[in-house]
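The values are calculated or read from the model by the stated rules, or taken from the named source; none is laboratory data. This structure is a prediction, so every number in the text was calculated from the model and none was measured. So basically every Cβ, Gly included, is an ideal-geometry build from the backbone, and we count neighbours across all protein chains shown. When the accessible area is computed, the model is the full protein with side chains, heavy atoms only, and any ligands, DNA or RNA have been set aside. Shrake-Rupley method; radii C 1.70, N 1.55, O 1.52, S 1.80 Å.
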There are 2 protein chains.
Amino acid sequence: MQILDKTVRADTAAARKGEMHQLDEAIELAAASPSSDIVRARTHPAFANMVGPFGGITAAAMVNAILTDERLLGRPAALTLNFAAPISDGDYDISRRPVRTNNSNQHWTLAIEQDGQVRVTGTALTVRDRETWSALEAVMPQVPPPGQLEPAGPVSGLAWLRNYEMRFVTGVFPAGPQDAADDSTTTMWLRHADPRVWDFPALAAAADSFSPRIFNRLGHVVPAGTVTMTTYFLADAATLAAQGADVLGTVRAAQFSGGHADQRAQLWGADGSLLATSTQLCYFKVPAPEQS
Amino acid sequence: MQILDKTVRADTAAARKGEMHQLDEAIELAAASPSSDIVRARTHPAFANMVGPFGGITAAAMVNAILTDERLLGRPAALTLNFAAPISDGDYDISRRPVRTNNSNQHWTLAIEQDGQVRVTGTALTVRDRETWSALEAVMPQVPPPGQLEPAGPVSGLAWLRNYEMRFVTGVFPAGPQDAADDSTTTMWLRHADPRVWDFPALAAAADSFSPRIFNRLGHVVPAGTVTMTTYFLADAATLAAQGADVLGTVRAAQFSGGHADQRAQLWGADGSLLATSTQLCYFKVPAPEQS
């Protein structure tokens, strides 16, 4: 990527071996200084989606923009991104602004501009963890370990899917009417096809790895996509780094109506740690059944 | 409110009778023009919280800023607000910028500044509803109708609580150790103490009417508050306007750890309509138990 005069890299296993993981290539940034408000990124063909890049890789790049800013206080705790327009193939600019820094947290405003147009808006919260009372109230789904499940074959020609191995427990990527279900839940083990540690960018991407739930209701792909998503990172960096290859994702929609559906996800470590919760609103285009 | 040279009002029952509901007073805005990027608001003593105003009334004011902007396309669908610093009593400025307008949706960046400091950041999505395939997948809690429940007495001296009648089905506002629970769920009927129609500002406020879940776990109040919240509005204006006095709210935390806890809420109409889903991250200050 000769356009980059200065690169910042996540500390991954691949990077430590002197190689660069494809995910890290895709979120590589060029900054005039470690505290520049604007950093340059570039789409990566390995993460292409239907139109523009996989939203998860855009989220990962945004998180990387924060992590590589020397003004950062704490670690990512919340990220909201709004996909206002598709990002075209090529360079784009991430705007990262720490607009308020408190003693134990920091508030960021984020945006992506390309060709003078806003493509993504967003905000993020970073926090300093404190030792406090703690309790886990959510319940991890009871599922077979990933070793007992076969990875799904290629479910579509989309490039970004090849970065992951998905082992579906329930709610497969639908291949036809036989896969239509009244319950939109998907639960799956997710693994980087090329091994890589779990960190905040990887987790931000994983939170968007579920397809729009309308696919599972209808049993086939329809025009649909994420419009806005919010992810809460509930684990610290050490907890993430201690994870094995697979994280367990589970997702379900609450309602489909008026061209939009919300869905709610959890990402779990195999050790029972709740790593993240995430919610998003997807648009979809499916006409109402004709009234008889 | 003599500071206001021009006011914009929600179309509520009270307003139509020529009176102004306290909620509408609290979200009244002054704008130089119907498309000003900056509008002036003012805190209202009836919505005071522990420190600064009730976050829900701030959310309602933000929604009103969008609804009263002549540039608006569609109706509110998603709102994320980050509470970066407390708002002091008095005037404050809302920044509302429609940064991208598409055929069927619009993306807004939001902020509150006061005394030259950023106090709140945020984004919003507005959408044009389309007739589509629809399905409700979430399940409304089975609860007694509000008429069979007594409203809770004053649970604290906080001013904003007096704007609502809360009828708790489970998870009362805790008054002591006997109310501590291993399950942080609260389910309650919520009604405006002074009758008012349900609309987007009212719903935005209601989504923040649940106390931090740590109170219910411990059985008492501790230093805690919302840092970031995201609400998806799943009903259109007509569905909201058709609601009766009470909406049913249910909320539960997923995890408490490192000084933060996330919580997830749903707001239902008595007619079984899912009106909104909402999630927030609260900070809390409770030391870890001493190790023996």
Next item on the list: Work out the FRET efficiency for A:ARG128 and A:ALA288 from their Cβ-Cβ distance, taking R0 = 56 Å, and round it to the nearest 0.05.
Entry: 0.70
Next item on the list: Would you mind listing the distances between the B:GLN142 label point and the same position in each other copy? Use 7 Å along Cα-to-C-beta, nm, one decimal, shortest first.
Entry: 2.2
Next item on the list: Give, in whole angstrom and from largest to smallest, the semi-axes √(5λ) of the equivalent ellipsoid of region A:143-292, with λ running over the eigenvalues of the Cα gyration tensor.
Entry: 27, 17, 13
Check: How much net charge surrounds A:ARG75 when only other residues with a Cβ under 13 Å from its Cβ are counted (Lys, Arg +1; Asp, Glu -1)?
Finding: -2
Check: What number comes out for the charge environment of B:ALA205, summing +1 per Lys or Arg and -1 per Asp or Glu over other residues with Cβ under 12 Å away?
Finding: -2
Check: Using r as the Cβ-Cβ distance of B:VAL221 and A:ASP271, and R0 as 35 Å, what FRET efficiency do you calculate, to the nearest 0.05?
Finding: 0.60
Check: What ranking, highest mean first, results for peptides B:91-101, A:23-33 when packing means the other Cβ atoms within 10 Å averaged over each residue?
Finding: A:23-33, B:91-101
Note to self: I'd like to know which of A:ALA135, A:LEU79, A:LEU110 lies farthest towards the positive end of the charge dipole of region A:67-141, counting +1 on Cβ of Lys and Arg and -1 on Cβ of Asp and Glu.
What the structure shows: A:ALA135
Item checked: Label-point separation in nm, A:ASP115 to A:SER88, each point 7 Å along Cα→Cβ -> 0.2
Margin query: Under the rule of at least 5 residues apart or a separate chain, name every residue whose amide H is placed under 5 Å from the amide H of B:ALA78.
Written below: B:LEU125, B:PHE233
Check: Taking R0 as 25 Å, what's the FRET efficiency between A:GLN178 and B:VAL139 from their Cβ-Cβ distance, rounded to 0.05?
Finding: 0.50
Notebook entry, point to check: Pairing the Cα long axis of helix A:55-67 with the longest principal axis of chain A, what angle in degrees results, from 0 to 90 and rounded to the nearest 10?
Noted result: 20
Notebook entry, point to check: Mind listing the phi-derived Karplus ³J(HN,Hα) values for region A:235-249, rounded to whole Hz, using 6.51, -1.76 and 1.60 with θ = phi - 60°, and x for any glycine or proline?
Noted result: 10, 8, 4, 5, 4, 5, 5, 7, 6, x, 5, 10, 10, 9, x
Next item on the list: Rounded to whole Hz and in sequence order, give me ³J(HN,Hα) for region B:199-215 from the Karplus expression 6.51 cos²θ - 1.76 cosθ + 1.60, θ = phi - 60°, writing x for Gly and Pro.
Entry: 9, 5, x, 5, 5, 4, 5, 4, 5, 10, 7, 7, 6, x, 4, 4, 4
Notebook entry, point to check: Just from its helices, what would the mean residue ellipticity at 222 nm be for the protein assembly as shown, if runs of 4 or more DSSP H residues each count -39500 (n - 2.57) and the sum is divided by every residue, rounded to the nearest 500 deg cm²/dmol?
Noted result: -3500 deg cm²/dmol
Check: Cα-Cα pairs above 24 Å in region A:16-153: how many percent?
Finding: 43
Check: Between chains B and A, what is the buried accessible area in Å², counting both sides, with a 1.4 Å probe and ligands, DNA and RNA left out, to the nearest 100?
Finding: 5300
Notebook entry, point to check: Once you average over the residues of B:100-108, how many Cβ atoms of partner chains fall within 10 Å of each Cβ?
Noted result: 4
Check: Can you give the Rg to Rh ratio for the protein assembly as shown, taking only C-alpha atoms and Rh from Kirkwood?
Finding: 0.95
Next item on the list: For B:GLY225, list long-range residues whose amide hydrogen, built 1.01 Å from N in the peptide plane, is under 5 Å from its own amide hydrogen.
Entry: B:TYR283
Item checked: Long-range HN-HN contacts of B:ALA152 with modeled amide H, under 5 Å -> B:MET166, B:ARG167, B:PHE168
Item checked: GluC sites (Glu not before Pro) lying in DSSP loop within region B:87-169, provided at most 10 other Cβ fall within 10 Å -> B:GLU131
Notebook entry, point to check: Please state the relative contact order of chain B as a whole percent: Cα pairs under 8 Å, 6+ residues apart?
Noted result: 16
Check: For region A:76-231, what log10 I(q)/I(0) values come out of the Debye formula at q = 0.09, 0.12, 0.13, 0.14 1/Å, with one point per alpha carbon and no solvent?
Finding: -0.41, -0.72, -0.83, -0.95
Checklist line | Length-normalised contact order of region A:221-292 in % [C-alpha pairs under 8 Å, at least 6 apart] | finding: 41
Next item on the list: May I ask you to evaluate 6.51 cos²θ - 1.76 cosθ + 1.60, the Karplus curve with θ = phi - 60°, for each residue of region B:92-100 and list the ³J(HN,Hα) values in order in whole Hz, giving x for glycine and proline?
Entry: 8, 10, 9, 9, 10, 10, x, 7, 8
Notebook entry, point to check: To the nearest Å, what is the center-to-center distance of region A:113-178 and region B:210-276, using C-alpha atoms only?
Noted result: 24
Notebook entry, point to check: Quick one: accessible area per residue over chain A, 1.4 Å probe, rounded to a whole number of Å²?
Noted result: 39
Notebook entry, point to check: What number comes out for the charge environment of A:SER95, summing +1 per Lys or Arg and -1 per Asp or Glu over other residues with Cβ under 10 Å away?
Noted result: -1
